[in-house]
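See below for the structure under consideration.
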Amino acid sequence: MKSTVHECKLIELPRIYDRRGSLTPIYGGEHIPFDIVRTYYLYDVPGGESRGGHAHRELQQLIVSVMGAFDVELDDGQEKRTFRLDRAYYGLYVPRQIWRELLNFSSGANCLVLASLPYDESEYLRDYDEFMEIKRQK
Ligand code: TYD
């Protein structure tokens, strides 16, 4: 099945707040539709910078702005959608084979990514033409 940008969605995460601040727990398979195998985060990103122009063959991910804001531009080869992430209790679910770019980072923004697979460079699609070829095939 071909994935589309319509499967990408904002997921509202649990938010436990009191006067000491807020806390958000995330369980793989419960709050998000995959088991969490890897977590990484982007930080020290200069204001206005962009990252992550690529897709993944099989990896699913949840992208969270735990601090600050940035845009996520999603492209399934036919349609594009852009989400602005600026709340620590919303995550953007991105299924396999969606080209994604993170844009317009505010200075000091922190981006948390929960991923369904270990890091594997051969699992990346970094060439847009190759990505389009795969989207055309299936
Ligand atoms: P990359 O995924 O290209 O970053 P972005 O798409 O956000 O610009 O990764 C940047 C570098 O970090 C690249 O050399 C691969 C390495 N890396 C790891 O070693 N482990 C990881 O889990 C990730 C996500 C990247």
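The values are calculated or read from the model by the stated rules, or taken from the named source; none is laboratory data. The shown structure was predicted, so the numbers you read here are calculated from the model rather than taken from an experiment. For neighbour counting, all protein chains shown are included, and Cβ atoms are generated from backbone atoms with ideal geometry for every residue, glycine included. Calculation scope for accessible area: heavy atoms of the full protein, side chains included, ligands and nucleic acids excluded. Shrake-Rupley method; radii C 1.70, N 1.55, O 1.52, S 1.80 Å.
Here are the numbers:
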{"read-out": "Residue within the stretch 81-101 that is at pLDDT 95 or above and at positive phi present", "value": "yes"}
{"read-out": "Identity of the residue in the stretch 84-93, open to solvent by less than 60 Å² (accessible area, probe 1.4 Å) and not in a strand (DSSP E or B), that ends up farthest from F34 (Cα to Cα)", "value": "A88"}
{"read-out": "All positions within the stretch 21-55 that are loosely packed, with under 14 Cβ neighbours inside 10 Å and more than 12 Å from the ligand (Cβ to nearest atom)", "value": "G21, S22, L23, P25, Y27, G29, E30, D35, D44, P46, G47, G48"}
{"read-out": "Out of R100, R136, R96, R81, sole residue that is outside any helix (DSSP H, G or I) and away from the ligand (no atom under 16 Å from the Cβ)", "value": "R81"}
{"read-out": "Test: residue in the stretch 113-131 that is assigned to a loop (DSSP other than H, G, I, E, B), among the acidic types (D, E) and closer than 15 Å to H54 by Cβ", "value": "yes"}
{"read-out": "Residues of the stretch 102-138 classified as among the acidic types (D, E) and buried (at least 16 other Cβ atoms within 10 Å of the Cβ), total", "value": "0"}
{"read-out": "Test for E58: is it open to solvent by 80 Å² or more (accessible area, probe 1.4 Å), in a loop (DSSP other than H, G, I, E, B) and within 17 Å of V94 (Cβ to Cβ)", "value": "yes"}
